[in-house]
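What follows is a short report on a single structure.
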Amino acid sequence: MPKIIKHESVVDDAWEVFKLGEGEIAETATLPAGQVLLPLAVWKARKDEILSAHADDRPVGVWLDSSDGPEALAGDLDRFAVIGINFPKFADGRGYSTARLLRERYGFKGEIRAIGDVLHDQLFFMKRCGIDAYAVRADKDIEAALGGLRPFSESYQTAVDQPYPLFRRRAI
C-alpha cells in the first residue's frame, strides 16, 4: 500500500488519485471503486451520480489541478473528506494559494492533501498554508521528507497554522 505523510507521521494511504486517460472525458470515464480522489472535471460532470454511489456514507474526495480555483467547490465543501491539490512541478506555487483559500476564506476543515511533485523542501510552507497530508513524490524517501515539516523552531509571520505574528503571541 502506498504511504503518505499525515498528521506528521508516515501512514498507509487508502486513497487512489484518479486521472483521466488520453482521450477520456469526464462524462464517460469508468470510475474506480473505493476511496478515490476525483478530478474536478469528473466531480462537476457527474456530481449526482457520485453522491448516489456514496450514499452509504463512504467518503468522497476530489483534487484540484493548479489551474483550478477553490471557488469551484465552495458550495460542496461539506461533502468532501479529502481535497487534493496538485503541484504539477516544484516551481508552480498556485497550490499554496488554493490551500489558504480553502482554509481561510471557505472554512474547509477536512484533509487537504498535496499531490504531484511534492518534495521535502516544500512541506514546511505547505503546512503553513493549511495542507495537512502530503503524497511525497514516489522517487523520494518519505521518512527523510518528514524533516521538512519542522526545519525552523519559530515562525515570525502569520499563516493558517499561526494566526498571530510571533511578537503578538509573546506579548499576550
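Pairs only if they're at least six apart or on different chains, beta carbon under 8 angstrom, first in the stretch 15-34 and closer than 22 Å to residue 58 by Cβ, second of a type in the set (Asp, Glu); list them, first residue then second.
32/16; 34/16
Can you tell me how many residues in the stretch 131-147 are of a type in the set (Gly, Ala, Ser) and in contact with a strand residue (DSSP E or B) (Cβ under 6 Å, 6 or more places away or on another chain)? It would help to see each step written out before you state the result.
Of the stretch 131-147, the ones of a type in the set (Gly, Ala, Ser) are 133, 135, 138, 144-145, 147.
With in contact with a strand residue (DSSP E or B) (Cβ under 6 Å, 6 or more places away or on another chain) added as a condition, the list becomes 133, 135.
Going through the stretch 131-147 one residue at a time, the tally reaches 2.
Report whether or not residue 42 is closer than 26 Å to residue 143 by Cα and modelled with pLDDT of 95 or more.
Numbers: closer than 26 Å to residue 143 by Cα: no; modelled with pLDDT of 95 or more: yes.
Judged against the criteria, residue 42 is not a match.
Has the stretch 91-106 got any residue that is closer than 17 Å to residue 6 by Cβ, touching a Gly at 6+ places or on another chain (Cβ under 6 Å) and surrounded by 14 or more Cβ atoms within 10 Å (Cβ to Cβ)?
Yes, the stretch 91-106 has at least one match.
Which one is most open to solvent (accessible area, probe 1.4 Å) among residues in the stretch 121-159 that are closer than 23 Å to residue 13 by Cβ and modelled with pLDDT under 90? First the steps, then the outcome.
Here is the first cut: in the stretch 121-159, the residues closer than 23 Å to residue 13 by Cβ are 121-150.
Next, only the ones that are modelled with pLDDT under 90 stay: 146-150.
Details: 146: 46, 147: 44, 148: 3, 149: 6, 150: 156 Å².
Only one residue fits best here, namely 150.
Criterion first (of a type in the set (Val, Ile, Thr), assigned to a strand (DSSP E or B) and open to solvent by 40 Å² or more (accessible area, probe 1.4 Å)) does residue 82 satisfy it?
The answer is no for residue 82.
Only one residue in 72, 33 is out of contact with any Ser or Thr (no Cβ under 9 Å at 6 or more places or on another chain) and assigned to a loop (DSSP other than H, G, I, E, B). Which one?
Details: 72 fails: assigned to a loop (DSSP other than H, G, I, E, B).
None of the other options fit; the residue is 33.
Would you be able to tell me the number of residues in the stretch 12-30 that are touching a strand residue (DSSP E or B) at 6+ places or on another chain (Cβ under 7 Å) and open to solvent by 50 Å² or more (accessible area, probe 1.4 Å)?
Residues meeting the conditions: 5.
Every residue, every condition in (1) of a type in the set (S, T, N, Q); (2) in contact (Cβ under 8 Å) with a residue 60 or more places away in the chain; (3) closer than 20 Å to residue 17 by Cα, yes or no:
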| position | (1), (2), (3) |
| --- | --- |
| 87 | no, no, yes |
| 100 | no, yes, no |
| 109 | no, no, no |
| 120 | no, no, no |
| 124 | no, no, no |
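Looking at (1) open to solvent by 40 Å² or more (accessible area, probe 1.4 Å); (2) within 15 Å of the chain's Cα centre (by Cα); (3) farther than 23 Å from residue 8 by Cα, which one does residue 88 not meet, given that it meets all the others?
(3)
Which one of these is assigned to a helix (DSSP H, G or I) and farther than 30 Å from residue 158 by Cβ: 22, 49? Talk me through it step by step, then tell me what you get.
Numbers: 22 fails: assigned to a helix (DSSP H, G or I).
The conditions single out 49.
The values are calculated or read from the model by the stated rules, or taken from the named source; none is laboratory data. Here the structure is a predicted model, which means the values were calculated and not measured. A quick note on method: Cβ atoms are made from the backbone with ideal geometry, for glycine too, and the neighbour counts reach across all protein chains shown. For the accessible areas, the whole protein counts, side chains as well, though only heavy atoms, and no ligand, DNA or RNA atoms are used. Shrake-Rupley method; radii C 1.70, N 1.55, O 1.52, S 1.80 Å.
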